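Working notes, structure below.
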Amino acid sequence: MPSMINAVLLSGFLMLAGLVPALAQPPHAAVPAAAQPPAFAGGGAQTCLKCHNTDAKVVPILQTPHSTQGDPRAPFGQLGCESCHGPSAAHVASRTNSPNVVFKGPNISPAAIRTQQCLTCHQAGLRMNWQGSQHQRNDLACNSCHTIHIAKDPILVKFTQPQKCFTCHAEQRADSFKYTHHPIREGLVVCADCHNPHGSPGPKLLKEFTVNETCYTCHMEKRGPVLWEHQPVRENCLNCHTPHGSTQPALLVQRAPYLCQDCHGESGHQAQPMAGQNLPGQIAANLRMMARGCVNCHSQIHGSNSPNGAFFTR
């Protein structure tokens, strides 16, 4: 037995010393050579501008922050056009569309690749919720809305931003023409005042977590706290109002008293619209329901701090 153990130890030592080949060693598979990464053209933007110096969709980038050569965070402070459009040596040599990231044209890259290229610099802040957002799931890229090569991107200008959004949101465009609407067409309010198009933890890409918190950023007097609360108001502003436009005053979803009677239907005077004074033509109507309806008396419908305000009266 000791002689057998010694023989095994000796053979193992000889294998380690390289004097005896390893038994039943599988041949090593050939390792393929690493693929050569695409080459950069070099020369920065000057290389690209030799051909694109008359392109009205390219040259205006020289007036944007992207072209700041002294800022290492800017594309022109790094590799120029290739910082965004990818290594372009083959493109320069053959004059074909061969960069890794093409933002326009017949060979346009998928939306995910174009967006990822922008997120290498613009990931933080308002863009942090882009992944999984409604716009991302609908295969939109940054340049679907943004015009990158011009000094004043229309999506970042108050007066022109809604028109960019309306190219997809036609229903909201129609609402903006209605009798009452937020002053979007007048350039005083824009879509991004309420919505974050890059993604949001709240519903409908709202900038806040709830509808009410979003509305309170402008309508702070409705926030409260108040002594007497109107429950539908505290629950959701959209119970009574529609934000993009309405045929009724104050962006109401329907005219009072019918709006109030959706909840207050079968008790008290609110259920008697045809009782009271006789009008021409023998038509009877409750005077409480004339003109502005319920708010003739219940004017503090968003809540009241009056000790007598249990019914939201004056």
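Values quoted throughout were computed directly from the atomic coordinates according to the rules given, and no laboratory measurement underlies them. Nothing here was measured: the structure is a model prediction, and the numbers come from that model. All Cβ positions, glycine included, derive from the backbone under ideal geometry; neighbour counts span all protein chains shown.
What to note about this one:
- Debye-sum result for the range 88-207 in log10 I(q)/I(0), which assumes one identical scatterer on each alpha carbon, at q = 0.13, 0.17, 0.18, 0.20 Å⁻¹: -0.62, -0.96, -1.04, -1.21
- Relative packing of peptides 53-60, 185-192 - highest average C-beta neighbours within 10 Å first: 185-192, 53-60
- Among 221, 235, sorting on how many other beta-carbon atoms sit within 10 Å of each Cβ, with the fewest leading, yields 221, 235.
- FRET efficiency for residue 221 and residue 150, using Cβ-Cβ distance with R0 set to 41 Å, rounded to 0.05: 0.55
- Backbone phi angles across the range 187-197, fed through the Karplus curve with coefficients 6.51, -1.76 and 1.60 (θ = phi - 60°), yield HN-Hα couplings of x, 8, 10, 10, 4, 6, 5, 10, 10, 10, x Hz in residue order; Gly and Pro are listed as x.
- Residue pairs, from the table 50/158; 158/204; 178/207, whose Cα atoms sit over 31 Å apart: 50/158
- Proximal aspartates and glutamates relative to residue 164, as straight alpha-carbon distance under 18 Å, when same-chain residues fewer than 8 apart are discounted: 139, 153, 175, 186, 193
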